[in-house]
Amino acid sequence: MTFQQLLEGAEVLSQSGNAVATGVEYDSRQVRPGTVFVAMKGETSDGNRFIDQAIAAGAVAIVTDSAAEGLRPGAAWAQVVHGRRALARLGANFYKRPAERIANTGITGTNGKSTTAFLIESILQAGGRKTALVGTIEYHVAGKILPAPHTTPEALELNRLLSEGLGLGVTEAVMEVSSHALEQERVFGIPFDVAVFTNLTRDHLDYHGTMESYFRAKQVLFEGCGTEPPRAAVLNLDDEYGRQLLKLCKKKSSLALSYGLTTGDFHAESVEITPRGTRFQMVTPAGELAMWSPLIGNVNVYNVLAASAAGYARDCSTEAIAKGIFDLACVPGRFERVDCGQPFTVVVDYAHTDDALRNLTALARDFVARAGLKGKVITLFGCGGDRDRDKRPLMGEAAGRGSDFVVLTSDNPRSEDPLGIMNDALVGLQKSGTKYSMEPDRRKAIAFALRQANPGDIVLLAGKGHERVQVTKERTIPFDDVEVARENLQVLGYDCKSAAEAHGAGKTA
């Protein structure tokens, strides 16, 4: 492909040369002979500093968002208005615009994105569609599971992934779209057929500054990311920001669907939550539908409603919607139970905001009550380093008010002192008046939390969910809450292997 063909649709200020390109990269370390190198300003570094390094590695053309950079001998050249938008255009052109040949559903919001994405994928698959999924936990491409370095990858990787999916017969893509990705225009040029909004609560204010800025970033998905607005919007009527978006989308989208626990185009009646799952009647524009989901709690009723509305917008039958919801037994790191035959419940969950902790502890309280046992809620949590400090006491208070006992520990302290982070959360925890213990070593803290549990109790290991590493100032180490919990349950004398075999036999019986 020629350089000029790659630049089609990009906002080019000046251009010279028309080299034949064999690839596109924005990381100079990945440049090979024949590559076009996109030099763009990032949050913490500037790719323009590596132009000469890229040329030395064989780059035949440079795309730069810096007016200060001059042409280099022997390399084709283009100056653009916006580096990331240019990367999106070049990536789409190089991979023959795969997003335009796939029906894309985007999900944004603070909580529930991953579970809703998994549910939508399951509905689409139940309807006979071949899918790709892009999200926080992992990426899926036509049944193949790939690691997820970012919730929403850079535009180049996203187009590469969609191109691979297209080659494998993918017709539908389901994407979690983070506020960072929208702000940084990583999904620029991606036409979304359906856009879903889950909710908006305090998170990422270290990056966005204010809730209004955070909301404005989310709103971009519903206005169009360098494209027309989504054809259909699915919006949470029980959320203040969802109601604002509903007004916008009634003007911009052909179809605006609302959902809520008791009101909306999609809502629930006769909700029955049990330790084994959730049953309810779902009211839809197509009539009532009996629903059963192995996922439990009101938070998952919301997720099921959102996913069902998205499936409806994608013309899935009511049978496919009900089957897709029924088929999804669990989502990694989202109220994921660790069963080693112990007489108490152990759950790993990603809850890492005060609102998510409130929802999680309320779900846990309901869980033990419905089991008919007067069990305690024991919550282990920490706060991430180099993130919004002001939410730490809010998380502490939320965990304390929802629990009978709290173990305050570390959660990806990054460059900060773990004890300093814990002391920030302690202010809110003490305000709740709940009994607590502090242990900065997360492995020791998990062991301690499990030792506090009696029959009928529930132990919540919150904050990291699906994550497989712990990030500290010194290093990044392998760390999986599920595996650490299993190891400690075995130390306590429980047989994880036998429990897993029994569970598998029960599923096939």
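The values are calculated or read from the model by the stated rules, or taken from the named source; none is laboratory data. These figures come from a predicted structure and were not determined experimentally. FYI the Cβ positions are ideal-geometry reconstructions off the backbone, even for glycines, and counts take in every protein chain you see. Remember, those area values only see protein heavy atoms, side chains included, never the ligands or the DNA or RNA. Shrake-Rupley method; radii C 1.70, N 1.55, O 1.52, S 1.80 Å.
Let me know the charge dipole size of the chain about its Cα centre in debye, to the nearest 20, where only the beta-carbon of Lys, Arg (+1) and Asp, Glu (-1) is charged.
300
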Fraction of antiparallel bridges per DSSP, the stretch 92-240 only, in percent to nearest 5: 25
For the stretch 112-266, size of Cβ-based charge dipole, Lys and Arg +1, Asp and Glu -1, in debye: 380
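Arrange the peptides 301-310, 452-461 so that the one whose residues have, on average, the most other Cβ atoms within 10 Å appears first.
Highest-to-lowest ranking by the protection proxy: 301-310, 452-461.
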Accessible area per residue in Å² at 1.4 Å probe, computed on the stretch 147-210: 30
Sorted peptide list for 19-25, 432-438, 93-99, criterion being average Cβ within 10 angstrom, highest first: 93-99, 19-25, 432-438
Partner aspartates and glutamates for Lys251 [C-alpha distance under 12 Å; skip if fewer than 8 residues away on the same chain]: Glu223
Stokes-Einstein translational diffusion, the stretch 316-466 - Kirkwood Rh over all Cα pairs, 1.306 mPa s, 10 °C, in µm²/s: 101
In order through the stretch 412-424: 3J(HN,Hα) via Karplus (6.51 cos²θ - 1.76 cosθ + 1.60), integer Hz, x for Gly, Pro: 6, x, 6, 7, 8, 6, x, 5, x, 5, 4, 5, 4
Degrees separating the helix 298-313 axis from the principal Cα axis of the chain, which is the longest one: 40
Degrees between helix 442-451 axis and first principal axis of the chain (Cα, 0 to 90, nearest 10): 20
Dipole axis of the stretch 354-509 (+1 Lys, Arg; -1 Asp, Glu on Cβ), positive-most option in Ala398, Ala371, Asn359: Ala371
Test item: Cα-centred dipole of the stretch 61-128, Lys/Arg +1 and Asp/Glu -1 on Cβ, debye: 120
At 1.567 mPa s and 4 °C, Stokes D of the stretch 170-324 from Kirkwood alpha-carbon radius, µm² per second: 80
Dimensions (Å) - the stretch 74-127, Cα atoms, principal axes, largest first: 53, 27, 15
Sorted largest first, extent of the chain alpha carbons per principal axis (Å): 75, 56, 44
Cα-based convex hull volume of the stretch 244-313 per residue, rounded to whole Å³: 79
Angle between the chain longest axis and helix 354-370 axis [Cα atoms, degrees, rounded to 10]: 40
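Scan the stretch 234-271 for trypsin sites (Lys or Arg not before Pro) in coil per DSSP, keeping those whose Cβ has at most 11 other Cβ atoms within 10 Å, and list them by number.
Passing sites in the stretch 234-271 do not exist.
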Cβ-based net charge around Ala256, under 10 Å, with every Lys or Arg adding one and every Asp or Glu removing one: +3
Convex hull (Cα only) mean projected area of the stretch 122-211, reported in nm² to one decimal: 6.4
Rounded to 5, percent antiparallel among DSSP beta bridges of the stretch 1-137: 35
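How would you rank 64-73, 121-130, highest first, on the average number of other Cβ atoms within 10 Å across their residues?
In descending order of packing, they fall as 121-130, 64-73.
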Convex hull of the stretch 1-129 built on C-alpha atoms - directionally averaged projected area, nm²: 9.8
Cysteines not pairable in the chain (beta carbon separation under 4.7 Å absent): Cys225, Cys249, Cys316, Cys330, Cys383
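Quick one: length gained pulling Ala286 to Tyr207 fully straight, 0.36 nm per residue minus the C-alpha distance?
Computed gain between Ala286 and Tyr207 is 24.3 nm.
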Solvent exposure ordering (accessible area, 1.4 Å, most first) of His180, His140: His180, His140
Rounded to 5, percent antiparallel among DSSP beta bridges of the stretch 193-325: 55
Shape of the stretch 71-228, Cα gyration tensor, a/c cut at 1.5: oblate
Extreme residue, positive dipole direction of the chain, given options Phe222, Pro98, Ala39 (C-beta unit charges): Pro98
